[in-house]
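Here the structure is laid out as C-alpha cells; the discussion comes afterwards.
Values in this text are rule-based calculations from the coordinates and carry no lab data. Small disclaimer: the values here were computed from a predicted structure and weren't measured. Neighbour counts are summed over all protein chains in view; Cβ atoms, including those assigned to glycine, are modelled from backbone coordinates with ideal geometry.
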Amino acid sequence: MINIRKLESELWESADLLRSGSKLTSNQYCMPVLGLIFLRYAYSRFKMVEAEILKGRPSRGGRVLPVEASDFAAKSALYLPKEAQYDYLLNLPDDISVMNLVNKDGHTMISLGEVVNNAMQLIEDQSEQLTGILPKSYADFSDEILSELLRIFNNSALNEVGGDIIGRIYEYFLNKFAKNIASDDGVFFTPKSLVKMIVNRRSEKSCGGR
C-alpha cells in the first residue's frame, strides 16, 4: 500500500530542490508547478475516460475508430489534444528545435517552455471554465528544470493512486508554497476554476494567503 504522506513529501522535496538551484522565487515557481500537477491530473483522468470510450468502440476496415473531443464531451470529461498530453511532453527530445514544432498560432517553438505554454493554451480551448486560467510562464524556466519537473510528476505511484490523491498532493503543494511565498513577501491566488477541477470542490485556495 502506498504511503501518501511519504509520496507527498518526496515529490515536494524533489521539486523544491530544483527551485533552490534556480534563480526563480517561490512566487515565480508556484503557479507553473501547480499547473504541471494539474496537467498530470488531467492526463490521468483523460486516460481513464479514454479507456471507457474504447470499450466496445466500433471499428472500420479492421481499425478501431479514434476517440474525438465529442466523445469526451458526452461524458462531461476534459479532452486533451495530443500536444497537451503529459506523455507527449515527457518524451520530447532535449533539443526542441529539431522537431520544427509550431504553436496554435503558427509560430515556431524552440524551447520546452514554449511547448508547455502551448499545451496549456490548447487545454483552455477545450474548456470555457479554464479560459485565461492556466499558467503560461513556462518560458521563464530552463528546459532542464522543466524537463526534470515533468519527470518528477511522472512518478509511477501516481498511476496507482488516481485522481483523488493527485488532488490531495496538489493541496499539499499549495500549503507548502504558501509558507515559502510568505517568506518572499509575495502573494498569489490560485484561480478558483483550477482548484475546483483538480480537487472537485468550490472553495477557493490561495498561494500565500492574505
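For the pair Arg151 and Glu52, how long in nm is the line joining their label points, each one 7 Å along Cα→Cβ?
3.4
By its C-alpha gyration tensor, with a ≥ b ≥ c as the square roots of the eigenvalues, how is the stretch 60-183 shaped: rounded for a/c under 1.5, else prolate for a/b larger than b/c, else oblate?
It is oblate, given that a/c is not under 1.5 and a/b is not larger than b/c.
Which trypsin sites (Lys or Arg not before Pro) in the stretch 1-91 pass both tests, a DSSP loop state and at most 15 other beta-carbon atoms within 10 Å?
Counting only loop positions with at most 15 other Cβ atoms within 10 Å, the trypsin sites (Lys or Arg not before Pro) in the stretch 1-91 are Lys23, Lys55, Lys75.
Classify the stretch 41-128 as rounded, prolate or oblate, taking a ≥ b ≥ c as the square roots of the eigenvalues of its Cα gyration tensor: rounded when a/c is under 1.5, otherwise prolate if a/b is larger than b/c and oblate if not.
prolate
Between their Cα atoms, which of Lys47/Lys176; Lys75/Lys176; Lys6/Lys136; Lys6/Lys176; Lys47/Lys104 are more than 26 Å away from each other?
Lys47/Lys176; Lys75/Lys176; Lys6/Lys136
If you stretched the chain out fully between Ala74 and Ser9, how much longer would it get, using 0.36 nm times the residue separation minus the C-alpha to C-alpha distance?
Answer, rounded to one decimal: 19.7 nm.
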